[in-house]
Protein chains: 2
Amino acid sequence: MGIKKTLLEDIAKELNVSKTLVSMVINGKGDAYGISKKTQEKVLAKAGEMEYTPNVFARALRTGKSHLIALLVADISNPFYSNIAKYVEKELASKGYNLMICSTDENVEREEKLISLFAEQHMIDGLIIATTNTSGEYFKKERLRNFPIVFIDRYLPDIESNYVVANNYQGSLEITELLIQKGCKNILALNITPSHISSLTERVKGYKDALKKHDISFKDENLLEISFDNIQNDVKEKLTKRLKQGQKIDAIYTLNNHIATACLNVFNEIGFDAKKEGVYFASFDNISLFDFVKPNIISVSQPLEQIGIEAANLALHLIDSKGMDASTFKKIVLPTSIISRD
Amino acid sequence: MGIKKTLLEDIAKELNVSKTLVSMVINGKGDAYGISKKTQEKVLAKAGEMEYTPNVFARALRTGKSHLIALLVADISNPFYSNIAKYVEKELASKGYNLMICSTDENVEREEKLISLFAEQHMIDGLIIATTNTSGEYFKKERLRNFPIVFIDRYLPDIESNYVVANNYQGSLEITELLIQKGCKNILALNITPSHISSLTERVKGYKDALKKHDISFKDENLLEISFDNIQNDVKEKLTKRLKQGQKIDAIYTLNNHIATACLNVFNEIGFDAKKEGVYFASFDNISLFDFVKPNIISVSQPLEQIGIEAANLALHLIDSKGMDASTFKKIVLPTSIISRD
DNA sequence: ATATAAATCTAAACTTATTTAGAAATTGTT
DNA sequence: AACAATTTCTAAATAAGTTTAGATTTATAT
């Protein structure tokens, strides 16, 4: 292993002091423990010279703090999550914390295994999670009580929790209204099923309420439920079928970026030209490349940077006020914006 | 902190055995240490019943292994990296390792700080990195000698190292040849500068060699160097200028997905319609949404999954054969493919 | 029954830091 | 100079595992 790592004890020996003292100084507690300025300087100088870096495991073992926070997302390759991840990391780095990003692959068991590994064993100090779980049952475990957890994107209705989400209801309401203003009456919405996920149910609610608000009656045939396991094929089958029967569609509105991409693929496959057909295409979630995609996409943009920053800071807050504040849950709901691309 | 965590000692006391024995059994070394089957069963049953999970810090402190591998990328929000990250994680998870993904923001100091924090302190067992460093100097440090490091995407020419990269030269050669076959003579390439990065220099080389191979002389005015700090503006300025002067362009070829996106933005801004102008648009790197972007993009697709899997396994191999194998470096170069989208 | 070998188990050391309780050195007071 | 009060520092305990060296117990051979 190349060269031996410098230990506290090595510095202590060099300076003929105790490792206790060295530890105190290096942790910035020299003044608090009444170590003379001169000694402090000596220690810091020697530590620098010997390139001392503390062993994080020994430190974490003793203190119970790792300065590590984990971010669990369903799929890190989804730009929605990878962008949030970037901002979470940046914010945490500025506060002396490191981020572990893990992708659960929308797999509940894997999510629970990771939480168990990281959180229950206190490998991490806090957890930020876009959960794929549909019930809060798992999070009620005794071991997770009082563990700092921040939900992002999605929260679980059946437990009290701290969360940072976009205003899915409002965003969905607004984009639907925009379509209505453009003259659309028959707006076909595509949702993922099973969708106990809070963000999606609220988007559906926003869609329906917008219709109601403008006296358009909701029709079952205008909400396609796409099976998560088989998005591409399911969109192809159900969309093709719907396009052929039922009332003519004025707009297609996908409730997340996954379905949007699947739709675009299907448009290509079946040779459906939305522009020619006079059909608007809209989607919740915004991806920068949407700017160049044909057909034009009207989209709801979530404040990714803000979600990241708020989630990071909320996690740090929970860590600092461990237990003190356990009774009050912070629920942060951030506004979305519509990108219309006419 | 809710309920007290179960310790080895707790199990030992319950069963009236030593914690040594419990540790051995739990680590699957019961047979090796000659613990009777009956006792082993007893221990495992009790451990399950008491929901024992080992303290990773204590374990790592004693063994020097954390079963953690870090993946450092320049920008996790870049789909190229986030996709690789997904596959690396999946592969490692299947082998009992966990992945820490960190984004260095193309910032050399941050990269070095993270490496120092993770690798030099042995917080991680291995490192997979798309380095933003331009020289291998930092990696020659005594402390990093023999530390398992796998470079991905980019390697440093001035040091011997283990790496997994796409065949950037070949891919660039092929896409340039494809453009030439389509009748292009004046192919404008846009590169990032400063580009000591191996992947980019090889793409430039592939581009130039393709021209040479087809007896087309390379012109300086057909290779724009875009400043990394200011991609968008720089592309706008230099591309606009080039479009107005010099010989007419037959194709625009961006050397990575960042510049491709910047170009698309500029096309929009200045109202340049590549199709109308009869200009092909090509880019190294492929993003799934490219399928729907106008103008059509001819692109070089890198084998993201394969890169991820190979990198993960190479890292694990290095960890296993710590030091044994230090003299032979594995250099894995994977083939790319062209996606032509006519 | 006794010595030897094999099987099974354990006490204590060890990993590297932090923290507690208290010792030693210095300063101040009379 | 004697005693108290500060200031400065340290030995030892501690975190929770793994590993080493060796102790017991059981089985086998004579």
query: When you look at A:M1, is it at pLDDT below 95, within 13 Å of DNA strand C (Cβ to nearest atom), out of contact with any Ser or Thr (no Cβ under 9 Å at 6 or more places or on another chain) and not assigned by TED's automatic domain parsing to the domain that holds A:N107, yes or no?
result: yes
- prompt: In the range A:307-324, is there at least one residue being surrounded by fewer than 14 Cβ atoms within 10 Å (Cβ to Cβ) and within 12 Å of another protein chain (Cβ to nearest Cβ)?
  reply: yes
task: Would you point out which residue out of B:D125, B:D153 is in contact with a His (Cβ under 8 Å, 6 or more places away or on another chain) and more than 9 Å from every other protein chain (Cβ to nearest Cβ)?
output: B:D125
task: Quick one: which residue in B:E237, B:E225, B:E221 is assigned to a strand (DSSP E or B) and over 21 Å from B:A166 (Cβ atoms)?
output: B:E225
statement: Considering residues that are more than 8 Å from DNA strand D (Cβ to nearest atom) and in contact with a Leu (Cβ under 9 Å, 6 or more places away or on another chain), the number found within the range A:1-14 is 1
statement: Note on the range A:263-297: residues touching a residue at least 12 places away in the same chain (Cβ under 8 Å) and in contact with an Asp or Glu (Cβ under 8 Å, 6 or more places away or on another chain) are A:L264, A:N265, A:F267, A:G278, A:V279, A:Y280, A:P295, A:N296
message: Looking at B:E160, B:E111 in this structure, which one is more than 10 Å from chain A (Cβ to nearest Cβ) and surrounded by 20 or more Cβ atoms within 10 Å (Cβ to Cβ)?
response: B:E111
query: For the range B:47-92, how many residues are of a type in the set (K, R) and facing another protein chain (nearest Cβ under 8 Å)?
result: 2
- line: Across (1) buried (at least 19 other Cβ atoms within 10 Å of the Cβ); (2) of a type in the set (G, A, S); (3) closer than 30 Å to A:L156 by Cβ, A:A47 clears everything bar (3)
query: Looking at this structure, is B:M24 among the hydrophobic types (A, V, I, L, M, F, W, C), more than 13 Å from DNA strand C (Cβ to nearest atom) and either modelled with pLDDT under 95 or not assigned by TED's automatic domain parsing to the domain that holds B:D125 (or both)?
result: no
- prompt: Of the numbered conditions (1) aromatic (F, W, Y); (2) at pLDDT below 95; (3) assigned to a helix (DSSP H, G or I), B:F80 satisfies every one except a single condition; which is it?
  reply: (2)
- request: Considering every residue within the range A:152-173, establish whether at least one is touching a Pro at 6+ places or on another chain (Cβ under 6 Å) and either among the aliphatic types (A, V, I, L, M) or under 18 Å from A:F80 (Cβ atoms) (or both).
  value: yes
Evaluation of B:G34 against (1) away from chain A (no Cβ under 12 Å); (2) in contact (Cβ under 8 Å) with a residue 12 or more places away in the chain; (3) surrounded by fewer than 18 Cβ atoms within 10 Å (Cβ to Cβ) (one fails), failing number: (2)
- request: Might you check whether a residue that is crowded, with 19+ Cβ neighbours inside 10 Å, more than 21 Å from the chain's Cα centre (by Cα) and not hydrophobic (A, V, I, L, M, F, W, C) occurs anywhere in the range A:192-199?
  value: no
task: Could you tell me whether A:I216 is surrounded by 13 or more Cβ atoms within 10 Å (Cβ to Cβ), over 32 Å from the mean Cα position of the chain (by Cα), touching a residue at least 40 places away in the same chain (Cβ under 8 Å) and more than 28 Å from A:K331 (Cα to Cα)?
output: no
message: For the range A:268-291, which positions are surrounded by 21 or more Cβ atoms within 10 Å (Cβ to Cβ) and at the interface with another protein chain (Cβ under 9 Å from one of its Cβ atoms)?
response: A:I287, A:F290
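This table checks each residue for (1) in contact (Cβ under 8 Å) with a residue 12 or more places away in the chain; (2) acidic (D, E).
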site: A:K4; (1), (2): no, no
site: A:E14; (1), (2): yes, yes
site: A:M24; (1), (2): no, no
site: A:Q40; (1), (2): yes, no
site: A:P54; (1), (2): yes, no
site: A:L68; (1), (2): yes, no
site: A:V73; (1), (2): yes, no
site: A:S82; (1), (2): no, no
site: A:L99; (1), (2): yes, no
Within the range A:50-64, tally of residues that are among the hydroxyl-bearing types (S, T, Y) and either buried (at least 22 other Cβ atoms within 10 Å of the Cβ) or not in a helix (DSSP H, G or I) (or both): 2
query: Can you name the residue in the range A:81-102 that is surrounded by fewer than 23 Cβ atoms within 10 Å (Cβ to Cβ) and not basic (K, R) and is also nearest to DNA strand C (Cβ to nearest atom) among such residues?
result: A:G96
query: Given the conditions (1) away from DNA strand D (no atom under 14 Å from the Cβ); (2) facing another protein chain (nearest Cβ under 10 Å); (3) assigned to a loop (DSSP other than H, G, I, E, B); (4) modelled with pLDDT of 90 or more, which single one is not true for B:K95?
result: (2)
message: Within the range B:65-76, does at least one residue satisfy the condition of being of a type in the set (D, E), outside the structural domain of B:H196 (by TED's automatic domain parsing), assigned to a loop (DSSP other than H, G, I, E, B) and within 16 Å of DNA strand D (Cβ to nearest atom)?
response: no
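The values are calculated or read from the model by the stated rules, or taken from the named source; none is laboratory data. From a predicted model like this one, the values you see are computed outputs, not experimental measurements. For neighbour counting, all protein chains shown are included, and Cβ atoms are generated from backbone atoms with ideal geometry for every residue, glycine included.
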